[in-house]
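To start, the structure under review is shown below, and the notes come after it.
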Amino acid sequence: GESVGLHLPTLSVQEGDNSIINCAYSNSASDYFIWYKQESGKGPQFIIDIRSNMDKRQGQRVTVLLNKTVKHLSLQIAATQPGDSAVYFCAEIPPLRNNAGNMLTFGGGTRLMVKP
Amino acid sequence: DTEVTQTPKHLVMGMTNKKSLKCEQHMGHRAMYWYKQKAKKPPELMFVYSYEKLSINESVPSRFSPECPNSSLLNLHLHALQPEDSALYLCASSQDSLTYEQYFGPGTRLTVT
């Protein structure tokens, strides 16, 4: 199944299926993007990142795709497991503001529910 | 040690109380952050400290007062809060303020009554 991110905050998939979580980012000048996983009662946990000069990056069971033309980011999780159940946030880092430091700007989040 | 710790885990306070949230990391990181997260919403940046100096304040009300006593510790002092300030307060750290990857603590769940 496929989520449309901000307007469909819950994605329910069967264990073993692939999941696709989408995110629209706001700043066309952002040059770095991160996907975070947040489990109930915990802080966000880094999953995978991608720079703006890349279209695709693969990790272990996860792939991030970046489409700068439409400012769209997606996270693909292969063979989804119950332990993948969490809220997933994309985050962008816009250009430095007055050299004060990199600021993470989070997207709205999607809840992934994995049915056993 | 890649852990950011936060205390307390839960805090309930009245609108006239003064309390403090604490954050600690021993990764040698020189940038530390406070975020506020309301239920079912993404984290929102409040403050950034770089080398123990406040570098970003995202127009946060003065009833929230951050403090960075040394490179491992970050406090958030709370005074005269409102019920709408109830949220999960997350601390994060990164190698420095120009490093992208931030490590988050588990948060303090704050309820203002």
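In terms of surrounding Cβ atoms within a 10 Å radius of their Cβ, B:Glu44, B:Glu84, B:Glu101 rank from fewest to most as B:Glu84, B:Glu101, B:Glu44. Working from the Cα coordinates of chain B, the gyration tensor eigenvalues give, after taking √(5λ), semi-axes of 22, 14, 13 Å in decreasing order. The lysines within cross-link reach of B:Lys40, meaning a Cα-to-Cα straight distance under 29 Å and a gap of 8 or more places when in the same chain, are A:Lys37, A:Lys42, A:Lys56, A:Lys68, A:Lys71, A:Lys115, B:Lys9, B:Lys18, B:Lys19, B:Lys22.
In this structure, B:Gln82 and A:Ser28 have a Cβ-Cβ separation that, at R0 = 25 Å, corresponds to a calculated FRET efficiency of about 0.10.
Listing A:Asp84, A:Asp31 from fewest to most neighbouring C-beta atoms within 10 Å gives A:Asp31, A:Asp84.
What percent do you get for the relative contact order of chain B when only Cα pairs under 8 Å and 6+ apart count?
Relative contact order of chain B: 37 percent.
Karplus-based coupling profile of the stretch A:58-69, in residue order and whole Hz: 10, x, 7, 6, 10, 9, 10, 10, 10, 10, 6, 4, with θ = phi - 60° in 6.51 cos²θ - 1.76 cosθ + 1.60 and x standing for Gly or Pro.
The amide H of B:Val12, built 1.01 Å from its N in the peptide plane, has B:Thr111 as neighbours under 5 Å, considering only residues 5 or more places off or on other chains. Checking Cβ-Cβ separations below 4.7 Å across the protein assembly as shown identifies B:Cys68 as cysteines lacking any candidate disulfide partner.
Take every Cα-Cα distance within the protein assembly as shown, group them into 10 Å bins from 0 onward, and report for each bin the whole-number percent of pairs it holds. Over the protein assembly as shown, the share of Cα pairs per 10 Å bin runs 8, 32, 34, 20, 5, 0 percent. Sorting B:Tyr89, B:Tyr100 from the fewest to the most surrounding beta carbons within 10 angstrom yields B:Tyr100, B:Tyr89. With only Cα atoms counted, chain A has Rg and Dmax values of 13.9, 49 Å.
Bear in mind that the values in this text are calculations on the coordinates, not laboratory data. Source: prediction; values computed, not measured. Note: ideal-geometry Cβ built from the backbone for every residue, glycine included; neighbour counts use all protein chains shown.
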